[in-house]
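This report concerns only the one structure given below.
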Amino acid sequence: MNLRELLAYNMKENRNRLGLSQARLAERSGLSTQYIAMIELARKFPSPEMLEHIASALEIDPPELFSIQIAEAQIRKFKKTVLTDIEKAVSGAVMQVIERNLEILEATEDRENMQHCDD
């Protein structure tokens, strides 16, 4: 994650925390909605003065726009979700293999029983 992406992520997280739309954040910060959108897409990087306006509108200190704690928490949450999904997928796949092997085993036993009956 580069600096633009970190800023974009933290801006969006803090904006959502306050329940603000991009338009409302633009109004509060004195910037255009399009410019806010471009920052949140990591396509633009604001000047120090603009960062101060954005931070004020988000009710945070400017350095919090570059906090990795929020991003790290989100990454941990994402990893946990991915691991849970993998566990479900693997356990589902394992169960399918077990069920298929049981079907094969039962079919084999049925054939053997039929052969013994024929004898």
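Selection of segment 47-65 for residues being touching a residue at least 12 places away in the same chain (Cβ under 8 Å) and surrounded by 15 or more Cβ atoms within 10 Å (Cβ to Cβ) yields 50, 51, 53, 54, 57, 58, 60, 65. For segment 18-43, the set of residues classified as closer than 24 Å to residue 75 by Cα and either hydrophobic (A, V, I, L, M, F, W, C) or in contact (Cβ under 8 Å) with a residue 40 or more places away in the chain (or both) consists of 18, 20, 36, 37, 38, 39, 41, 42, listed by residue number.
If we scan segment 71-88, do we find a residue that is on the phi < 0 side of the Ramachandran plot and in contact (Cβ under 8 Å) with a residue 24 or more places away in the chain?
Within segment 71-88, one or more residues are on the phi < 0 side of the Ramachandran plot and in contact (Cβ under 8 Å) with a residue 24 or more places away in the chain.
Only one of the numbered conditions (1) within 15 Å of residue 4 (Cα to Cα); (2) assigned to a helix (DSSP H, G or I); (3) touching a helix residue (DSSP H, G or I) at 6+ places or on another chain (Cβ under 6 Å) is violated by residue 63, and that is (3).
No value in this document is a laboratory result; all are computed from the given coordinates. All of these numbers come straight from a predicted model, not from anything done at the bench. Quick reminder, even Gly has a Cβ in these numbers, built from the backbone with ideal geometry, and neighbours come from all protein chains shown.
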